[in-house]
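The values are calculated or read from the model by the stated rules, or taken from the named source; none is laboratory data. These figures come from a predicted structure and were not determined experimentally. All Cβ positions, even for glycine, are placed from backbone atoms using ideal geometry, and neighbour counts span all protein chains on display.
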Amino acid sequence: MFERNKRLNPLGNAQGFTLIELMVVMVILLILAGLVGPRIMGRPEEARRMKAKVDIQSLETALKMYYLDNGSYPTTEQGLDALVAAPAVGKLPQGWREGGYLEKGRVPKDPWGGEYIYLSPSEKGDYNLMTYGADGEPGGEGKNSDTSNWDAE
């Protein structure tokens, strides 16, 4: 009888991968993982810093929308919470958008688990938005360095 599902190679044997072929493929995959893995996994601090820059840019966009609706930025006292709930202190906004200005309805934490610092007005302009980095303290170098909207561009 014919077996319809059995394919034969020119020698008449059933086709498939041998254990040796599978081992060679596995070794190649492990070598590639060994070369690529450390390059990706060895940069967690760089990834955190990039996430902080992206978060700051996103918060800047929300602040600009707030400004367009209300004619001013939230004060330092009102803080970034003014982007998710109408402020109850200071100069009350007249055109505050129902539902707020942030997509998820909450102010994100910085990549190190701290709060973003918001000052308005600031020495550099209408506002300053920053994170102090891994140590949570102003200044520092490397993973402890600050990231601000003034250097996130």
| query | Right, Gln94: of a type in the set (S, T, N, Q), surrounded by fewer than 17 Cβ atoms within 10 Å (Cβ to Cβ) and farther than 23 Å from Lys51 by Cα or not? | reply | yes
| task | Just need a number here: residues in the range 54-74 that are surrounded by 18 or more Cβ atoms within 10 Å (Cβ to Cβ) and either of a type in the set (Val, Ile, Thr) or under 23 Å from Ala134 (Cα atoms) (or both). | result | 3
| Quick check: anything in the range 101-117 more than 23 Å from Ser148 (Cβ to Cβ) and modelled with pLDDT of 90 or more? | no
| said: Consider the range 128-151. How many of its residues are touching a residue at least 12 places away in the same chain (Cβ under 8 Å), in a loop (DSSP other than H, G, I, E, B) and either of a type in the set (Val, Ile, Thr) or surrounded by fewer than 19 Cβ atoms within 10 Å (Cβ to Cβ) (or both)? | reply: 4
| request: For residues that are among the basic types (Lys, Arg) and surrounded by 17 or more Cβ atoms within 10 Å (Cβ to Cβ), tally how many sit in the range 108-127. | output: 0
| remark: When the range 107-127 is checked residue by residue, the ones that are part of a loop (DSSP other than H, G, I, E, B) and more than 15 Å from the chain's Cα centre (by Cα) are Ser120, Pro121, Ser122, Glu123, Lys124, Gly125, Asp126, Tyr127
| query | Which of (1) farther than 30 Å from Gly142 by Cβ; (2) surrounded by 14 or more Cβ atoms within 10 Å (Cβ to Cβ) does Gly105 not meet, given it meets every other one? | reply | (2)
| said: Taking the criterion of being out of contact with any Gly (no Cβ under 7 Å at 6 or more places or on another chain), surrounded by 18 or more Cβ atoms within 10 Å (Cβ to Cβ) and not in a helix (DSSP H, G or I), would at least one residue in the range 75-91 satisfy it? | reply: yes
